[in-house]
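S.K.: The structure that follows is given in the form of structure tokens.
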There are 2 protein chains.
Amino acid sequence: MTESTAAQRRQPRSRPETLAKRRDILDAAVEIFGSKGFAGGTLQEIADQVGMTHAGILHHFGSKDQLLLEVLSHRDETDVADLEEQHIPGGIALFRHLVRTAFVNAHRAGIVQAYVVLSAESVTDDHPGRVFFQKRYETLRGEVARAFEVVCAERGVAAPETIELASASILAVMDGLQVQWLLDPDAVDLGRASEFAIEAIVDSVLSPSTSPLA
Amino acid sequence: MTESTAAQRRQPRSRPETLAKRRDILDAAVEIFGSKGFAGGTLQEIADQVGMTHAGILHHFGSKDQLLLEVLSHRDETDVADLEEQHIPGGIALFRHLVRTAFVNAHRAGIVQAYVVLSAESVTDDHPGRVFFQKRYETLRGEVARAFEVVCAERGVAAPETIELASASILAVMDGLQVQWLLDPDAVDLGRASEFAIEAIVDSVLSPSTSPLA
DNA sequence: GTTAACTTACTATCGAGTAAGTAAGTAATG
DNA sequence: CATTACTTACTTACTCGATAGTAAGTTAAC
């Protein structure tokens, strides 16, 4: 009866406003999941914020899990500070970029909170965001490691094996500082602390420390 | 009729086994909240693990929130690696202690996960554990800062203002590395990375870096 | 006139907390 | 030491309120 290759002939063609509406929903979801967590946040709250019913949201995204996954990838796109989507600065510029990101993030508590809460929550059993964060960290560690290699090459230094440790550490400080900063913004200077720590770690890779703890 | 100061004459005296039972419940709660989060974990699951009904647990702890609070303080007591309860090593010994803690933690994924999940979740709105973690980080930053001051004094170095940044950073790397390690244990060496980062930061406080990013 | 973009209304389930009851322990008293 | 008086430590059974997902109907765009 129908064409066997129906998909080819017809692409359902969604309405132009739909895309904007999806963005609104995703933005609301970032805020709700960020402030309540994924398990704690509800479709109802998200729906309220965009003036819709929760069923309307399910119409667009199918399920709560699916919504989270799209929130996570959407965040990467809109996140000005994100590395993956932009043209990646190489070498030392990457580290400067990370520091700048930390300073920028100090004015975007909402998104920072979403990221902190969801990444930590993702380590729980069967969390729908787990794979996303696994891949994300793997990618980011790779970017940072590459930057280290470039910098070492530039300075004629043999790239030490500490690069892997340092790459993970740099991402770790940034994340860890965000937690402390969210809990008590006055007690921690997110930008300056990130800058300090990143410099310390980069420095330590370039000129291996004298092992002060030995 | 009855004695007016009844409370004075009799202290209800709970049964001796009760204390052990409470410990069991707390241990189960650490495991459940650690693997599912606080919002995601249920009293039923905890009850199942200790062979009880969820009402039995409420009998002991009153509410789920209260249970979490007791889990958090209980954890500090049983956590071999914790600083507050033990006699705190001063100066450089503290940093060595932190490194050792990281190596030990690499064999205790369960507790690490509980800590990671709950601390991050605590930044969400009205989370019952929020105050606990605020105080905890404040205390820990203080301990680390004091260690830095001692070390600086020992070496006749004027204590720089970077101490506060460094203190927050050291705790931050440790936490952040735990997240990455939990997501992908093979990709991150929790002990060695913590050691590397802590050394780098301590080193940077003692001999201020040459600002490689400037 | 067909389909996208919803809404309303419903279902099924689950979760924390409560109420009431029961068995066993503990303690004061004669 | 035994009896009475009370408490602890639960269980069973319930309430009440969410919540994710579904189904069917409505409107308006293309």
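The values are calculated or read from the model by the stated rules, or taken from the named source; none is laboratory data. Bear in mind the structure is a predicted one, so any value in this text is a computation, not a measurement. Methodologically, a virtual Cβ is constructed for each residue, glycine included, from the backbone with ideal geometry; neighbour enumeration extends over all protein chains shown. Surface accessibility is based on the protein's heavy atoms, side chains included, excluding ligands, DNA and RNA. Shrake-Rupley method; radii C 1.70, N 1.55, O 1.52, S 1.80 Å.
S.K.: Give me, ordered by chain and number, the residues 5 or more places off residue B:209 or on other chains with an amide H under 5 Å from its own placed amide H.
M.R.: The list, which skips near neighbours in sequence, is empty: none.
S.K.: Could you work out how far the C-alpha centroid of segment B:179-207 sits from that of segment B:16-36, in angstrom?
M.R.: 31 Å
S.K.: Can you compute 3J(HN,Hα) from phi for each residue in segment A:35-44, using the Karplus curve 6.51 cos²θ - 1.76 cosθ + 1.60 with θ = phi - 60°, rounded to whole Hz and x for Gly and Pro?
M.R.: For segment A:35-44, the Karplus curve yields 8, 10, x, 6, 5, x, x, 10, 4, 4 Hz.
S.K.: A further question on this structure: Could you calculate the contour length gain from residue B:155 to residue B:23, that is, 0.36 nm times the residue separation minus the distance between their Cα atoms, to one decimal place in nm?
M.R.: Taking 0.36 nm per residue and subtracting the Cα distance, the gain is 43.0 nm.
S.K.: With +1 on each Lys and Arg Cβ and -1 on each Asp and Glu Cβ, how big is the dipole of chain B about its Cα centre, in debye rounded to the nearest 20?
M.R.: Here chain B has a charge dipole of around 720 debye.
S.K.: Next question. Determine Rg/Rh for segment B:17-76; Rg is computed over alpha-carbon atoms and Rh is the Kirkwood hydrodynamic estimate from the same atoms.
M.R.: Result: Rg/Rh = 0.91.
S.K.: Mind pulling up the Rg/Rh value for the protein assembly as shown? Radius of gyration and Kirkwood radius, both on Cα.
M.R.: Radius of gyration relative to Kirkwood radius: 1.04.
S.K.: Here is a further query. Show me you know the interface measure: the accessible area buried between A and B, both chains summed, probe 1.4 Å, in Å² to the nearest 100.
M.R.: Using a 1.4 Å probe, the pair buries roughly 4900 Å².
S.K.: Treating only the Cβ atoms of Lys and Arg (+1) and Asp and Glu (-1) as charged, compute the dipole magnitude of segment A:120-197 about its Cα centre; round to the nearest 20 debye.
M.R.: Using only the charged Cβ atoms, the result is roughly 260 debye.
S.K.: Let me ask something else about it. Quick one: which residues, 5 or more positions from residue B:129 or on another chain, have an amide H under 5 Å from its amide H? H modelled 1.01 Å from N in the peptide plane, none for Pro or chain starts.
M.R.: Amide H neighbours of residue B:129: none.
S.K.: Oh, and also: Quick one: compute the contact order of segment A:80-206, relative version, from alpha carbon pairs under 8 angstrom and 6+ residues apart, as a percent.
M.R.: The normalised contact order for segment A:80-206 reaches 33 percent.
S.K.: So for B:184, A:189, what's the accessible-area order with a 1.4 Å probe, most first?
M.R.: Result, largest first: A:189, B:184.
S.K.: Now a separate question. Using each residue's phi in segment A:16-33, evaluate 6.51 cos²θ - 1.76 cosθ + 1.60 at θ = phi - 60° and report the 3J(HN,Hα) Karplus result to the nearest Hz, with x for Gly and Pro.
M.R.: x, 5, 3, 4, 5, 5, 4, 4, 4, 4, 4, 4, 4, 5, 4, 5, 5, 4
S.K.: Per residue, how much accessible area does segment A:80-206 have with a 1.4 Å probe, in Å²?
M.R.: Solvent-accessible surface per residue comes out at 39 Å².
S.K.: With N residues in chain B, what two-decimal value do you get for its Cα radius of gyration over 2.2 N^0.38 Å?
M.R.: This ratio for chain B stands at 1.25.
S.K.: Any idea what the dipole of the protein assembly as shown comes to, in debye rounded to 20, about its Cα centre with Lys/Arg Cβ at +1 and Asp/Glu Cβ at -1?
M.R.: 720 debye
S.K.: In chain B, which longest range has no GluC sites (Glu not before Pro) that are both DSSP loop (not H, G, I, E or B) and surrounded by at most 15 other Cβ atoms within 10 Å?
M.R.: B:4-83
S.K.: I've got another one for you. For chain B, what is the relative contact order in percent, using Cα pairs closer than 8 Å and at least 6 residues apart in sequence?
M.R.: 20 percent
S.K.: Spin-label point model (7 Å from Cα, Cβ direction): what's the residue A:103 to residue B:63 distance in nm?
M.R.: Result for the modelled spin labels: 4.4 nm.
S.K.: What do you get for Rg/Rh of segment B:81-206 when both radii come from the Cα atoms and Rh is the Kirkwood radius?
M.R.: My calculation of the ratio gives 0.98.
S.K.: If you don't mind, another one. Would you check the accessible area of residue A:60, probe 1.4 Å, heavy atoms only, in square angstrom rounded to 10?
M.R.: 50 Å²
S.K.: OK, next. Explain nothing, just compute: Karplus ³J(HN,Hα) = 6.51 cos²θ - 1.76 cosθ + 1.60, θ = phi - 60°, for every residue of segment B:48-63 in order, whole Hz, x for Gly and Pro.
M.R.: For segment B:48-63, the Karplus-derived couplings read 3, 5, 10, x, 8, 9, 5, 5, x, 5, 5, 4, 7, 10, x, 7 Hz, x marking Gly and Pro.
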